[in-house]
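Right, one structure below, let's go through it.
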Amino acid sequence: MKVPSVSPGLFLFLLLMAINLFDDKSWLSLRPLTFTRPVADLRVGILTIAEKWSKYLDMPFGYQTQDYLSKKYQQVSGQLFINGAICPDADLLEAVSQLKDGQVLHAADVVIAYKSSSVMNHSEALSNLERVAYLYGFVKIDYPEQIFGYNDAELQKDFALLTKGRTSSTLSGTNTILGDNIFVEEGATAECSTFNTLQGPIYLGKNSQVWEGCHIRGSFAICNDSQVKMGAKIYGKTTIGPFSRVGGEINNAVIWGYSSKGHEGYLGNAVLGQWCNIGADSNNSNLKNNYAEVRLWDYDKESFRKTGLQFCGLIMADHAKCAINTMFNTGTVAGVSANVFGAGFPRNFIPDFSWGGANGFDVYALNKMLETTEKVYERRDTALDEIEREIIAHIFEITKQYRHF
């Protein structure tokens, strides 16, 4: 995978700029994953979308997002605004670098980026600035299932970006490595495990651990300070974010960070947000018995949307959890702070702040949720501050309409 080089003109351009990643209507269609973050804070590949742009352009970044998120995800001073749902590539980087003050780069009605000394939003930019048409294809994340769908391609791009011109650390000789497309960051360790890089790269982040007896096939990335537990089987197109712990069987899944799937059980064609926990022997189905197209809950329509996919498993938002032996049906969406337990298959849409399972749900009271969250944060040496509490309380209020118990 070729990493774009920076031309002298682009280098001068970068010296003068900072990036703000803005939300467009994809923030709505990516709910419940975006209730707790701007779109550019989504992790797809190894990095978040904001981190990708920042790394390529060597520029600081901020966000132009929903009002209730803006205390945590703040805007920075700068003239360059980039669509937070769009992943960078060589052609996009070149087109963005050519933008002049007062110009907007677009593809039909999609605003890709604009440069302006005046504060405005992307809709105003398309109306008021000089239009520059972009004629090439690009990756835009509009729906939750596209996160695992694009993860392989984005992981390979991020791998090339992060490892260009660098030398990998080495692993213990107790491991078996097929191929040589592996990069080991400082402090990463593994013992008595197999790494197959013949189908895609493998990236082991700083201070990550792969415990004994694991079998991992690329493309695969584990970010800093995460662990893969003994005997895990992990297939390609999978990312484990920072400060997470996983085990069992995982295939084409993206786990953003600070989450645990530490036991046996299958997770496939799935996205897990932050601060999630999957109980022992829990599984998700990713294929319907009749092989039919999978549908996912749509927050706007308050009904299910066709995905065009035959394989689609679990979409789980931040702070959601399930107890041991939970069974998730094909194409299940679990909202922010959903807490699932009990026998049988729960419904395919589990609303935000739900408490229960197949036998029915109640409201997960905000004060009870915050008590638990405070304990979860403490276990990771993290404080649940007032800004985070305000965000959670706001989400509790705006999701009431979906809790039809």
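The helix-based estimate of mean residue ellipticity at 222 nm for the chain, built from -39,500 (n - 2.57) per DSSP H run of four or more residues and divided by its residue count, is -5500 deg cm²/dmol to the nearest 500.
Computed on the chain, with alpha-carbon pairs under 8 angstrom and 6+ residues apart, the relative contact order is 10 percent.
Straight-line reach from Lys100: taking Cα to Cα under 28 Å and skipping same-chain neighbours fewer than 8 places apart, the lysines in range are Lys2, Lys25, Lys52, Lys55, Lys115, Lys140, Lys157. Shape verdict for segment 281-363, please, from the Cα gyration tensor: rounded (a/c under 1.5), prolate (a/b greater than b/c) or oblate. It is oblate, given that a/c is not under 1.5 and a/b is not larger than b/c. Sorting 137-145, 253-261 by average packing, meaning the other beta carbons within 10 Å per residue, from highest down gives 253-261, 137-145. Springs between Cα atoms under 10 Å define the GNM used for the chain, and in it the highest mean-square fluctuation of Met17, Met120, Met316 occurs at Met120. Work through the residues other than Leu272 whose Cβ is under 13 Å from its Cβ and net out their charges, Lys, Arg +1 and Asp, Glu -1. Once all neighbours under 13 Å are counted, the net charge is +3. If only the Cβ of Lys and Arg carry +1 and only the Cβ of Asp and Glu carry -1, the dipole of the chain around its Cα centre is close to 540 debye. The Cα center of segment 374-388 and the Cα center of segment 51-95 differ in position by 27 Å.
In Å³ and rounded to a whole number, note down the convex hull volume per residue for the Cα atoms of segment 48-121. Before the final figure, lay out each step's value.
Details: hull volume 7.5 nm³, N = 74.
Normalising the Cα hull of segment 48-121 by residue number yields 102 Å³.
Taking a ≥ b ≥ c as the square roots of the Cα gyration tensor eigenvalues, with a/c under 1.5 meaning rounded and otherwise prolate when a/b beats b/c, else oblate, which class fits segment 236-281? Cα axes put segment 236-281 in the oblate bin. Only one of (1) 0.91; (2) 1.39; (3) 0.98 was calculated from the structure for Cα Rg over 2.2 N^0.38 Å, and its label is (3). Count Lys and Arg as plus one, Asp and Glu as minus one, and take only other residues whose Cβ is under 10 Å from that of Arg31; the net charge is then -3.
Using a Gaussian network model of the chain in which every pair of alpha carbons under 10 angstrom is joined by a spring, one finds that among Val111, Val210, Val76 the greatest mean-square fluctuation is at Val76. Does segment 178-273 classify as rounded, prolate or oblate by the C-alpha gyration tensor (a ≥ b ≥ c root eigenvalues; a/c under 1.5 gives rounded; else a/b over b/c gives prolate, otherwise oblate)? In terms of gyration-tensor shape, rounded.
Every number here is computed from the coordinates shown, using simple stated rules; none is lab data. Fair warning: this is a prediction, and the values are worked out from it, not measured in the lab. We place every Cβ from the backbone using ideal geometry, glycine too, and count neighbours over all the protein chains shown.
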